[in-house]
Amino acid sequence: MGGLTVNVKQGWLRGTRENSSVGGSYISFKGIPFAAPPVGNLRFADPKPPLPWTGVRDASKYGPKCAQFNLMKGKIDGEEDCLYLNVATTSLQGSRPVMVWIHGGAFICGDGTSDMYSPDYLIKTDIVFVSIQYRLGVFGFLQLDHEEVTGNAGLKDQVAALKWVKENISQFGGDPNNITIFGESAGSVSVNCHLVSPLSKGLFHKAIMQSGAILNPWVTTPPKIETAYRFAALLGKETTDPNEIVEHLRTIPALQLIQTELQVPTPEDRMRFLFPFRPCIDDKSPQPFLPKHPRELAANGIDVPVIIGYNSHEGLFFLMGLVDQTFEVLNKNFEVAVTEDLIVENPSKISEVASEIRKFYFKDKEISRETMEDYVQCYGDLYFVNGILKTVEHQQKKSKTPTYLYKFAYENPRSMGKLVMKVPLKGAAHADELQFLFRGKLYDDLLKIEPNSFDQKLSDAMVKMWTDFAKTGNPTPQTNELIPVKWAPVTRTTKNYLDIGTELSAGANPDEEVSKLFNRISDIVKSQ
């Protein structure tokens, strides 16, 4: 066939050559199906193998995004037939390290396209880059506690994509024995899920988790079966029979399901950032992805080298759409701020836990626009930092493989949080590190990195550390002018970490006071 064609298990593909924004070019294959279209009777089902094709399939355009409420655009878009992945490579020859990106978006939105994740920066380091898509919201995470719909279809989509990569990536110049999975936010939680799931064993060799862990409360709080019943009732089917519910929901147009999903969360769910359909224990499945509670699985530790980290002001994310009424509710009843994971062993301790948290973050001040910075730290720690540091602590006790911890603290006036989410306060917001690893074409004019700027240098350093880790399992195999410090893994006694700010600096035990707070809370909950 010659040229830019490859032969994968399902048939021939023709790619295109793309110019990179940082000079040079790479070969791109887009919209490759890794599973059968999950439509009709396959809606909500575990993914089925991709169908073969005849002739040469054009791989020059992205497949459709998965059906979703697009948070950035504030509208419903996408399609149900969306299980496609994309490969970028500098050459079809050789055997190079592979990096598989899993996008974030709270398991309800996002995609694997260059709108946000163009691989220009990473690809120049001679890795093979793969981005994948997976079913979102009700399509990926409906769970009826019954073998008909066991939940986690979206995470099983990711497993199907990883299997496809393992089987086919050598055709694109990738090494099937050196695969790193990485992701941010819900993508990072997904990575953590693969690290503990029996279904993902052996499909990858290293992992990078950016701002998300399976121990975060928006993952560990189990979805209630009543939510699915309420959802079905809103669509005209009042029953608790799983077969009837599934049969009915398969007759409803895809985008109507998304529209209805927006009506399901209760005011309490909204306060706690709990979306109706999310990862769950799927032990009714003949092949469970999460056979036990995430807390149990996480306690076993991770058995591949891992980078894990968070941003200094994750809680800035919670200022999007914040209304004064939230402050009123918190002032009257701070117990609504206590996440379920903190008190699950002893819910009667909720008021003691609430006063401990309130005292730590707000002292004796009112919660208001004046104390917004305290609100940011409180919510960032509750929803992100605590679960991430707990994951690292499990690693300190259990792990035989290195764990590298980072804290991204670069305060950038031209950041995702400031310009796209319009967050008014200082600090590195949730997702602010992404623009240093990826070129996002959707926001290119806003977030563009100027040549020879500090941002350019930081981007070069992060790209080098991330890809060196993918190549060798060590993010700083050597130090130089660009990366002047050695990034040491955590030890049994010390959480060594890399502070990524206006300079790279090595430190120990970040946010120790926060860890101590959550340890105190744990003691309160265990006390009689």
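Looking at segment 78-101, can you tell me whether even one residue there is farther than 27 Å from residue 246 by Cβ and free of Cβ contacts under 8 Å to residues at least 40 places away in the same chain?
no
When residues of segment 388-425 are filtered for being in a helix (DSSP H, G or I), among the hydrophobic types (A, V, I, L, M, F, W, C) and modelled with pLDDT of 95 or more, how many remain?
So the count comes out to 3.
So, of the residues in segment 151-202 that are without any contact (Cβ under 8 Å) to a residue 40 or more places away in the chain and in contact with a strand residue (DSSP E or B) (Cβ under 7 Å, 6 or more places away or on another chain), which turns out to be farthest from residue 437 (Cα to Cα)?
The initial filter retains those residues of segment 151-202 that are without any contact (Cβ under 8 Å) to a residue 40 or more places away in the chain, namely 166, 177, 194, 201-202.
Of the ones still in play, those that are also in contact with a strand residue (DSSP E or B) (Cβ under 7 Å, 6 or more places away or on another chain) are 166, 194.
On the way: 166: 24, 194: 22 Å.
Within segment 151-202, the match that is farthest from residue 437 (Cα to Cα) is 166.
Just need a number here: residues in segment 124-146 that are in contact with a helix residue (DSSP H, G or I) (Cβ under 6 Å, 6 or more places away or on another chain), under 15 Å from residue 35 (Cβ atoms) and in contact (Cβ under 8 Å) with a residue 60 or more places away in the chain.
Within segment 124-146, residues that are in contact with a helix residue (DSSP H, G or I) (Cβ under 6 Å, 6 or more places away or on another chain), under 15 Å from residue 35 (Cβ atoms) and in contact (Cβ under 8 Å) with a residue 60 or more places away in the chain number 4.
Within 22 Å of residue 73 (Cα to Cα) and either in the same structural domain as residue 342 (by TED's automatic domain parsing) or of a type in the set (Lys, Arg) (or both): is that true of residue 432 in this structure?
yes
Here is a yes/no grid of residues against (1) touching a His at 6+ places or on another chain (Cβ under 9 Å); (2) buried (at least 24 other Cβ atoms within 10 Å of the Cβ); (3) under 28 Å from residue 249 (Cβ atoms):
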site	(1), (2), (3)
57	no, no, no
69	no, no, yes
76	no, no, yes
89	no, yes, no
95	no, no, no
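Matching residues to (1) under 18 Å from the mean Cα position of the chain (by Cα); (2) surrounded by fewer than 20 Cβ atoms within 10 Å (Cβ to Cβ):
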{"residue": "287", "(1), (2)": "no, yes"}
{"residue": "303", "(1), (2)": "no, yes"}
{"residue": "306", "(1), (2)": "yes, no"}
{"residue": "322", "(1), (2)": "no, yes"}
{"residue": "326", "(1), (2)": "no, yes"}
{"residue": "332", "(1), (2)": "no, yes"}
{"residue": "339", "(1), (2)": "no, no"}
{"residue": "346", "(1), (2)": "no, yes"}
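Can you name every residue in segment 402-454 that is surrounded by fewer than 19 Cβ atoms within 10 Å (Cβ to Cβ) and of a type in the set (Phe, Trp, Tyr)?
Scanning segment 402-454 gives 443, 454.
When you look at residue 385, is it assigned to a helix (DSSP H, G or I) and buried (at least 22 other Cβ atoms within 10 Å of the Cβ), yes or no?
Values: assigned to a helix (DSSP H, G or I): yes; buried (at least 22 other Cβ atoms within 10 Å of the Cβ): yes.
Yes, satisfied.
Among the residues of segment 364-382, which ones are surrounded by 23 or more Cβ atoms within 10 Å (Cβ to Cβ), over 13 Å from residue 514 (Cα atoms) and not β-branched (Val, Ile, Thr)?
Across segment 364-382, the qualifying residue is only 375.
Based on this model, can you work out whether residue 228 counts as more than 25 Å from residue 297 (Cβ to Cβ), assigned to a helix (DSSP H, G or I) and out of contact with any strand residue (DSSP E or B) (no Cβ under 6 Å at 6 or more places or on another chain)?
No.
Just to be sure, is residue 480 surrounded by fewer than 18 Cβ atoms within 10 Å (Cβ to Cβ), outside any helix (DSSP H, G or I), touching a strand residue (DSSP E or B) at 6+ places or on another chain (Cβ under 9 Å) and among the polar types (S, T, N, Q)?
Values: surrounded by fewer than 18 Cβ atoms within 10 Å (Cβ to Cβ): yes; outside any helix (DSSP H, G or I): yes; touching a strand residue (DSSP E or B) at 6+ places or on another chain (Cβ under 9 Å): no; among the polar types (S, T, N, Q): yes.
Here the answer is no, as residue 480 does not meet what is asked.
The values are calculated or read from the model by the stated rules, or taken from the named source; none is laboratory data. This structure is a prediction, so every number in the text was calculated from the model and none was measured. Backbone-built Cβ (ideal geometry, glycine too); neighbour counts: all protein chains shown.
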